[in-house]
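To keep things clear, I will list the structure first and then write my remarks on it.
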């Protein structure tokens, strides 16, 4: 902007100088080549012709009068030429100054007025007000930066409102979902306290149900913790090269899931993963599958196009087609959720952690059931 004004000022000064020089040149030409020169030559010839041999001229007074009149005419002509020059120079200067002012007004003053009104709108909290601007005027870059700042503030405010709404949603969801298993635990605990269980098998059944309900609550709390970490971008991924066949076998042994059917042997390949996070992925997928399938869940592996694929297949009802595009979003639960407890975070967390490990998650509806596929880049097979 400073450079542009400097160039404009220099151009105006040069134009003023050339205008002044041009006006002076025109004035000089008019004065030097005036019509009075011809009259002065004729007057001198008349004076010469009317003079006698002794140099006396009977018309000397008349000639003197004509000389004076001619001189006054020449002086008036010079004055007229100077006046004309001043008028031309003044008009040119006025037009130049007006063009300079118009440029300043269009490029600086008018945008400043718009920005003043715009800033007043922002001060009132109207962050959705848009500012029309041109990047080519003097304040274009500044105006663009101001509008970008508005967009950033608006985005931050909307993100804050969305985060508050999400917190309310998850609190409401977890309150509802935790209430059911807690109520079951309390009912069975009261039955044990009252001595309703008269034999060992009944007590064992009560305890098994209470343990299962405790696991449900633990799963909900774990989902909440992982969600908080993903929101804060604090999930730490510590990858190392592992033999996936051995890692999967060890993880599944630790999970102790009797309803899981393993299609062995697993494919052998070296993959760079975080085994702790991989265990969380599989646990989430198995828990999710167990909620909606009446039978076993099958786990198999495959190597395809330099990707190690982990397939988790159930024989439930699958995911309705209209729910499929949104099923990995936070808090989204499909229409087939029924009375099953859940936070709507399981598949979201699976997708997030998989992508953190440079992989991807695919969900495929089968007939019947759902197949979740985790694809991780492998180094060698």
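Rule-based calculations on the coordinates, nothing more; no lab input. Everything numeric in this text was worked out from a predicted model, so none of it was measured. Cβ: placed from backbone, ideal geometry, glycine included. Neighbour counts: every protein chain shown.
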Order by neighbour count: 118, 101, fewest other Cβ atoms within 10 Å first, most last. 101, 118
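Test of understanding: ordering 255, 96 by Cβ neighbours within 10 Å, fewest first, what list do you get?
255, 96
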Calculate the spin-label point distance for residue 364 paired with residue 179, positioning each point 7 Å from the Cα along the beta-carbon direction, and give it in nanometres. 4.1
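How much of the calculated P(r) for region 240-380 lies past 20 Å, in percent of all Cα pairs?
Cα-Cα pairs of region 240-380 separated by over 20 Å account for 43 percent.
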